[in-house]
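Participant: Shown below is the structure under consideration.
The values are calculated or read from the model by the stated rules, or taken from the named source; none is laboratory data. Bear in mind that the values here come from a model prediction, so they are computed numbers and not experimental data. Counting neighbours? That spans all protein chains shown, and the Cβs are built from the backbone with ideal geometry, glycine included.
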Amino acid sequence: MFDPDTTARVFALPPGVDFPDALIAGLRTRMAGQPPEALARVQLVVNTRRMARRIRDIFDGGPPCLLPQLSLVTDLGESGAMDHLPPAIPPLRRRLELTQLIAKLLDQQPDLAARASLYDLADSLAGLIDEMQGEGVSPADIRNLDVSDLSGHWARAQTFIGIADDLLASDEDELDMQARQRRVVEGLIARWQDVPPQHPVILAGSTGSRGTTLMLMQAIARLPQGAVVLPGYDFDQPDAVWGGLDRALTSEDHPQYRFRKLMDRLEVAPGEIRRWADTAPPAPTRNRLVSLALRPAPVTDAWMAEGPSLTGLDAATADLTLIEAASPRDEALAIALRLREAAQTGQSAALITPDRMLTRQVTAALERWNIIPDDSAGQPLHLSPPGRFLRHVAELFSGRLTSETLLTLLKHPLCHDGGGRGDHLRHARDLELDLRRHGPAFPDAAGLSRFAARQDGNSFGPWLDWLTDCFCDRARPGERALCDWVADLRALAERIAAGSQTDTTQTGDSGTLWQKNAGQKALAVITTLEREAEHGGAMSARDFADLLGALLQGEEVRDRDAGFRGIMIWGTLEARVMGADLLILGGLNEGSWPEPARPDPWLNRQMRDRAGLLLPERRIGLSAHDFQQAIAAPEVWLTRAKRSDDAETVPSRWLNRLTNLLAGLPGQGGPQALSDMRARGRTWLDWAGALEETTPVPSAPRPSPRPPVTARPDRLSVTEIKRLIRDPYAVYARRVLRLHPLDPLVQEADSLLRGTVLHEVFERFIRDDLGGGAPMDRATLLARAKEVLDEHVPWPTARALWLARLGRIAPAFLEGEAARQDIARPLAFEASGQMRIDPPGVTLVGRADRIDMDTRGAMYIYDYKTGAPPSRDQQAKFDKQLLIEAAMIEQVGFGKIAAAPVAGASFIGIGSSYKEVPAPLGDEPPAQVLEDLRELLTAYARPDQGYTARRMLFKDSDVGDYDHLARFGEWDRATAPTPEDLT
């Protein structure tokens, strides 16, 4: 195939050329005139499976021929000469071993790092080991670095790196993937030096960014019939620029730096790089423009020297469109519109971006036209249904079962799908409503049994047994072997997925948990974890849940059959080997493209350079090379959002250079070309804005509904009178529409529970303790409080906090209670009473916290408030609870208490501080209170009286349960009510 040559044989293809297609075209040209079997002797080595598949597809679509020997760089160790090497250690095993070692180190020296960073440290250290082996850097090279100015940090880093050193030295026959790959390449090179292959060996598509691959490229380029074919080589870059790319610290982020590094190793000059094929790039003038724009910094001198010689800028940018959207949503919608047009016209189009949030927004926008793009990245496994399900099941081991955790699993689509799914969902709905209404905060077997007993006529049978067995008492304190955790997880997950109608004696029945692509991928993760669990040691339930989440997050799953043909979403890696008529380079902002360098807790840039490791800028340089290749496509969109969700954005450095260069070339029409690019983008943004336009909807009026008198409430509680005065609409929604707020699923130690508990504390203390002769002291009160808190409050922190607060107000309360007991003795607790107001025929009902009676038969009413008690003025105008109860006692009595005069009534504040606020009985006598109340209720018995929303709230910031129903926010307190007669 190749003529004899003493120099290394290096070929290349320019940016913008469809690399796999041009690779095969050049191969066919060189094999022209040779017998058919000659092509079968060619060994073609590529660096990704995606590239190999594309090459096979092109051969399949071309004329009949024998195929070359197609292999991957990573498959070279499978040849007969290398089969003596042991298989590589699974990455998971190495990670588990590192996790154990780092955990022991942190136990011995807690000041080295936080325990929460255990898995991050293990991942980072595993990455360093992988890089050291791939670049041929030994632990001794790291230890011998001169770090006199970083002694403190280096001492801590050396402690961790020593773990890697000991682990690698423990068994030299146990090879990681990178170590084995390097040994394979070294063995091949040694073998080729003794017996070089005489058949053509071509390595194509790699940039040589990793040390092992670069070493292989050097060896193949020097073989008698060997060659290297580089992708995206900049043939327009002058020799002077190539000469400046000589130091990694200053040039690593340049797109062509890796090629200069390869040329130095092979002693090849830039001019000696030959074209592999005569395939011309789609836009040669654009390649020259981008080449100049991406010159190494400083670039302005090169721009001024070479810029005037650039010609044809209008042709170079004719197929470039620049989208500068106001927000990520606008950017995504414009991209989706262009992809929709491509789908309609049959044009192949691909969105290329490392920003996964942008790809999700574009995918969501395309759904309105039923277009599902072929997303090469797929979905992270931990976000797929099986991934979420397994993570939720693992959480059962790490703490007490909550209502939220239980219902999350019960409603999961994979839960109980082995049979009887409909009955399961109905039972889960009933359970949810019961948990919201009755609790408990932490469901257990006893609580679930009480739930079943409350369901009249419903038989839960096996479902309740399944529920109790699978979810109750699953918390596992302490540490257990990873093998046990994995076994329990799998068994429990399959049991939950199978459901209550599956025979538990059968094995392998797990519903659809392990089905479809996501289920199969999740099963592979669990199977791998089972196989390597013996290397994981012991860990807590929390650590196991974190480990499982990290493993699932590292995998992706995609549905190959779901994508719309010709509409694709690629990462930058896929764009290197695939071709499309239209490429959309999205998310061109700093921090997205290029992505920021990952933080390295071990070595800084200078230390990495001296040790021979890769610099953080390597990824930026690879992204720059991807950008240079992608922007050379036939038609290109460049898109970015000027602002993210919370801040202004900075354009990508490469886009910034391109626009600045064009703006600085007025003599060649650069500013006009840039203006045309932006104008084309604004057209699409305008269309996207038109698509988002909505018909203005007038604001809702302030409601004041007037239902029929017969539909209005004829029974109200005493506490509702305050609501009727301040927010009548809330009474209308509750009593007329009969809408009640849904109780929260997640029960918390809130003010409502605190009020209920403290009411019971003081009731038991006064009724049982003092009534039984117990001393009126702080110890007795706190002992009773502890008993009630232990009974009703399952949160230890809340119990301790509330008991401490009660302890602070106890002396003041006991002093006030002594004064109250000197005046009167308790007569009733939580007493209920009612009174009919005629007219208008409304029955009032009330419940008094406590009623005392003195020796003359006079009554005293007390109401406990854990919040701020209402002032005397507030009671006179709005909060009339005690005044109305006093009037009820004087007029008709209160339940079993006969009518009697009321000598006093007070709110007792038992919140953060103790406070007593008496009711203004003197200023508001019972007769006057009843007359005012009759007038209020009579007004709402008239057909023309509406229930106005938020009529007289105490503060504008007060929130009501029915504000959303009244559409508060579309109107305010200055808006006049709009009466509405209802039928």
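Participant: Would you pick out the residues in segment 926-958 that are over 20 Å from Q875 (Cα atoms) and among the β-branched types (V, I, T)? Walk me through how you get there before you give the answer.
Facilitator: Initially, segment 926-958 is screened for residues over 20 Å from Q875 (Cα atoms), giving 938-949, 957.
Passing the criteria: T938, T948.
Participant: So, A812, is that one more than 14 Å from S912 (Cα to Cα), in contact (Cβ under 8 Å) with a residue 40 or more places away in the chain and not polar (S, T, N, Q) or not?
Facilitator: Working: more than 14 Å from S912 (Cα to Cα): no; in contact (Cβ under 8 Å) with a residue 40 or more places away in the chain: yes; not polar (S, T, N, Q): yes.
For A812, the condition - more than 14 Å from S912 (Cα to Cα), in contact (Cβ under 8 Å) with a residue 40 or more places away in the chain and not polar (S, T, N, Q) - is not met.
Participant: Please go through (1) more than 25 Å from the chain's Cα centre (by Cα); (2) surrounded by 17 or more Cβ atoms within 10 Å (Cβ to Cβ); (3) in contact (Cβ under 8 Å) with a residue 40 or more places away in the chain; (4) in a helix (DSSP H, G or I) for D314 and return the number of the only condition it doesn't satisfy.
Facilitator: (2)
Participant: Still on this model: Of the residues that sit in segment 327-361 and are of a type in the set (V, I, T) and part of a helix (DSSP H, G or I), which one is nearest to D645 (Cα to Cα)? Even if it seems obvious, please write down each step before you answer.
Facilitator: Our first condition is that a residue be of a type in the set (V, I, T); within segment 327-361, this holds for 335, 345, 352-353, 359.
Then keep just the ones that are part of a helix (DSSP H, G or I); that gives 335, 345, 359.
Values: I335: 18, T345: 34, T359: 16 Å.
Checking each candidate, the answer is T359.
Participant: Is there a residue being charged (D, E, K, R), assigned to a helix (DSSP H, G or I), closer than 22 Å to D473 by Cβ and modelled with pLDDT of 90 or more anywhere in segment 362-371?
Facilitator: Step one: filter segment 362-371 for residues charged (D, E, K, R), giving 367-368.
Then keep just the ones that are assigned to a helix (DSSP H, G or I); that gives 367-368.
Subsequent filtering for residues that are closer than 22 Å to D473 by Cβ retains none.
Looking for residues that are charged (D, E, K, R), assigned to a helix (DSSP H, G or I), closer than 22 Å to D473 by Cβ and modelled with pLDDT of 90 or more, one finds none in segment 362-371, hence no.
Participant: Which of (1) among the hydrophobic types (A, V, I, L, M, F, W, C); (2) crowded, with 17+ Cβ neighbours inside 10 Å; (3) more than 53 Å from the chain's Cα centre (by Cα) does A898 not meet, given it meets every other one?
Facilitator: That leaves (2) as the condition not met.
Participant: Take the residues in segment 937-979 that are of a type in the set (D, E) and surrounded by 13 or more Cβ atoms within 10 Å (Cβ to Cβ); name whichever of them is farthest from Y729 (Cα to Cα). Give the derivation first.
Facilitator: In the first step, residues of segment 937-979 are kept if they are of a type in the set (D, E); the result is 944, 956, 958, 961, 963, 970, 972.
Among the residues that remain, those that are also surrounded by 13 or more Cβ atoms within 10 Å (Cβ to Cβ) are: 961, 963, 970.
Numbers: D961: 10, D963: 9, E970: 16 Å.
Filtering segment 937-979 for residues that are of a type in the set (D, E) and surrounded by 13 or more Cβ atoms within 10 Å (Cβ to Cβ), the one farthest from Y729 (Cα to Cα) comes out as E970.
Participant: Can you say whether G461 is of a type in the set (G, A, S), farther than 19 Å from S398 by Cα and either modelled with pLDDT under 90 or buried (at least 20 other Cβ atoms within 10 Å of the Cβ) (or both), as far as the supplied structure shows? So that I can check it myself, show each step before the final result.
Facilitator: Working: of a type in the set (G, A, S): yes; farther than 19 Å from S398 by Cα: yes; either modelled with pLDDT under 90 or buried (at least 20 other Cβ atoms within 10 Å of the Cβ) (or both): yes.
The answer is yes for G461.
Participant: Among the numbered conditions (1) without any contact (Cβ under 8 Å) to a residue 12 or more places away in the chain; (2) in a helix (DSSP H, G or I), tell me where L658 comes up short.
Facilitator: (1)
Participant: Being surrounded by fewer than 16 Cβ atoms within 10 Å (Cβ to Cβ), aliphatic (A, V, I, L, M) and not assigned by TED's automatic domain parsing to the domain that holds D444 narrows it down to one of I851, I823, so name that one. So that I can check it myself, show each step before the final result.
Facilitator: On the way: I851 fails: surrounded by fewer than 16 Cβ atoms within 10 Å (Cβ to Cβ).
Matching residue, one of I851, I823: I823.
Participant: I would also like to ask the following. Go through (1) in a helix (DSSP H, G or I); (2) aliphatic (A, V, I, L, M); (3) touching a strand residue (DSSP E or B) at 6+ places or on another chain (Cβ under 9 Å) one by one and return the number of the condition L105 breaks.
Facilitator: Only one criterion is unmet by L105, namely (3).
Participant: Might you let me know whether segment 665-685 holds any residue that is touching a residue at least 40 places away in the same chain (Cβ under 8 Å), touching a Leu at 6+ places or on another chain (Cβ under 7 Å) and on the phi > 0 side of the Ramachandran plot?
Facilitator: In the first step, residues of segment 665-685 are kept if they are touching a residue at least 40 places away in the same chain (Cβ under 8 Å); the result is 665, 667-670, 672-674, 676-678, 680-681, 684-685.
Next cut, touching a Leu at 6+ places or on another chain (Cβ under 7 Å) only: 665, 668-670, 673-674, 677-678, 681, 684.
Next, only the ones that are on the phi > 0 side of the Ramachandran plot stay: 669.
Yes: segment 665-685 contains one or more residues that are touching a residue at least 40 places away in the same chain (Cβ under 8 Å), touching a Leu at 6+ places or on another chain (Cβ under 7 Å) and on the phi > 0 side of the Ramachandran plot.
Participant: Let me ask another. Being in a loop (DSSP other than H, G, I, E, B) and either surrounded by 16 or more Cβ atoms within 10 Å (Cβ to Cβ) or of a type in the set (S, T, N, Q) (or both) is the filter here; which residues of segment 687-713 pass it? Before the answer, list the steps.
Facilitator: Taking segment 687-713 first, the residues in a loop (DSSP other than H, G, I, E, B) are 693-701, 707-708, 712-713.
Correct list: T694, T695, S699, P701, P707, R712, P713.
Participant: Which one of R784, R799, R767, R754 is within 29 Å of F894 (Cα to Cα), basic (K, R), without any contact (Cβ under 8 Å) to a residue 60 or more places away in the chain and not assigned by TED's automatic domain parsing to the domain that holds R436? Before you say what the answer is, go through the steps one by one.
Facilitator: Values: R799 fails: within 29 Å of F894 (Cα to Cα); R767 fails: without any contact (Cβ under 8 Å) to a residue 60 or more places away in the chain; R754 fails: without any contact (Cβ under 8 Å) to a residue 60 or more places away in the chain.
It is R784.
Participant: When you scan segment 442-503 for helices (runs of 4 or more DSSP H) that lie fully inside it, which ones turn up with 1 or more residues that are polar (S, T, N, Q) and in the same structural domain as L390 (by TED's automatic domain parsing)?
Facilitator: 445-454, 462-471
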